[in-house]
1. Please give, to one decimal in nm, the separation of the simple spin-label points placed at Ile161 and Glu209, each 7 Å out from Cα toward the Cβ.
2. Hey, what's the range 363-445 come to in accessible area per residue, 1.4 Å probe, Å²?
3. Can you grab the distance from the C-alpha centre of the range 382-429 to the C-alpha centre of the range 86-136, Å, no decimals?
4. Can you list residues from other chains, or at least 5 along the same chain, whose modelled amide H is less than 5 Å from the amide H of Ile166?
5. Applying the Karplus parametrisation 6.51 cos²θ - 1.76 cosθ + 1.60 with θ = phi - 60° to the phi angles of the range 113-118, what ³J(HN,Hα) value in whole Hz is obtained for each residue in order, glycine and proline being reported as x?
6. Rounded to the nearest 10 Å², what accessible area does Ile433 have for a 1.4 Å probe in the complete protein model?
7. Could you give me the ³J(HN,Hα) list for the range 194-204, computed from phi with Karplus coefficients 6.51, -1.76, 1.60 and θ = phi - 60°, whole Hz, x at Gly and Pro?
8. Under the Karplus relation 6.51 cos²θ - 1.76 cosθ + 1.60, θ = phi - 60°, what is the ordered set of whole-Hz ³J(HN,Hα) values for the range 15-28, x standing for Gly and Pro?
Amino acid sequence: MALLTRQVFISLLSGIVLGELILLGGSLSQLVPGTVDRLLAQMSEDWKIKTLLFVIMVGSIIRLITVSGGIESFIVYVSKKRINSKRSTLLMGYFIGILIFLESSITALVVGTLTKPLARKYKISKEKLAYLCDCTSSPVCSLFPFNGWGALLLGLIGVQIAQGVIEGNKLSLLVSAIPLNFYAITTMVVLFFIIYTNKDFGPMKKAEEEVQIAEEEECFLDMMENRVSIKAMFYPVAVMLLSVPVFLYLSGNGNILEGSGSSAIFYSVFLTLVFTALFYRFTGVMTYKTYMQELKIGAGDMVGIGLILLLAFALGEVTVELQTGPYLASLVEGLLNPIYLAALVFLISAMISFSTGTSWGTFSIMIPIVLPMAAILDADLSLVIAAVISGGVFGDHCSPISDTTIISSMAADCDHISHVRTQLPYALLSGMIALFLFMLFGVLL
């Protein structure tokens, strides 16, 4: 539906309705109340509420630092520091994305916000910018163990160790899986190659060609002046990023790896809004009245994205109740050979993640299934863990109902289905390379 209609609301809702109909045994009389109850039930889970509020508050932060002139000052600053071409603009976003590895949604939003003005100046398509945002979110975050992603994976691996299913140290196993996370690594290599050579293919090439021949807009960047200090942008962003590990530490009762990712980003963004209000007021950037006006406008801009996420959460819940993940895993369970275990785990993880739109949900489904199998078959545990992570990120990267894919579209002001369509060939290329590497290392290890 997403690819045919290019309407994400219709697509998500149709998936929820069909799934609900199956769960109700085909009862049409219960379909409407069941669907409404399903949507309302999404507001009963703490982490989902925090995620929705996080998106809305981030919209306010983006609006505030834009209106403050902080982004203008940043763009003027980097324009004078050899950021003066399409390639250098994209490379700037690439390295910013790598440096901000704490949370995938924050990474996509920051990269999109900081790169967007220069992207307009140097005629970079919205599709290419959305691709940049998406590649520097989940793939980058999955390569670092010291964030919410690492906390989840360590917890899942730790349960298997505690139950005596596998032996070893959970941190050592996860760290040893990082260089084997072939999809994430390949994605970043392919992205760098595309940026450096400016060689596009498929729908992305057409999008880039169209933006080159488009009527040139008035370039407001050339008229920018440093009206305010770059601190108006830098300090709020720094507070948002640096407070994430602090709240991970606090929510984990002194253990950053046990902290709640949803709570950490929620409180970090809330703290940033409070800090920004005080900082802007005492430095004379804006009054409290202006602050509140712009805060409301920024929050309103994100209502549509919030509704998309709400529908995505509901669809993900439906697929869990339908046991989509265990069913897909069962299809290949009797066909597994130790040599090809990692490759098959990669594929089935990608299928589950694409179907559900969540890499974290895929990790939660697959790790308890495949680690016991890997132990019985005497397969390399690190390679199998890496295959789950890579497959989860791959499917998430391709899925039109993934929250990071949705947020990347929003960060680049790009039509969501257009982003999915133009990114898909690059993701499939990276996926095929990763599959080959998992097959190769399955033989070598």
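1. That separation, rounded to one decimal, is 5.3 nm.
2. Roughly 30 Å² per residue, with all protein chains present.
3. Cα centroid to Cα centroid, the span is 15 Å.
4. Long-range HN contacts for Ile166: Ile161.
5. Values per residue, Gly and Pro as x: 5, 7, 8, 4, x, 5 Hz.
6. Surface open to solvent at Ile433 totals about 60 Å².
7. Computed from phi, the couplings for the range 194-204 are 4, 5, 5, 8, 6, 9, 9, 8, x, x, 5 Hz.
8. Per-residue couplings from phi come out as x, 5, 4, 5, x, 5, 5, 5, 5, 8, x, x, 6, 5 Hz.
The values are calculated or read from the model by the stated rules, or taken from the named source; none is laboratory data. Since we're looking at a predicted model, the values are computed, not measured. Glycine gets a Cβ as well: all are built from the backbone with ideal geometry, and neighbour counts include every protein chain shown. Just so you know, the surface numbers come from the protein's heavy atoms only, side chains and all, with ligands and any DNA or RNA stripped out. Shrake-Rupley method; radii C 1.70, N 1.55, O 1.52, S 1.80 Å.
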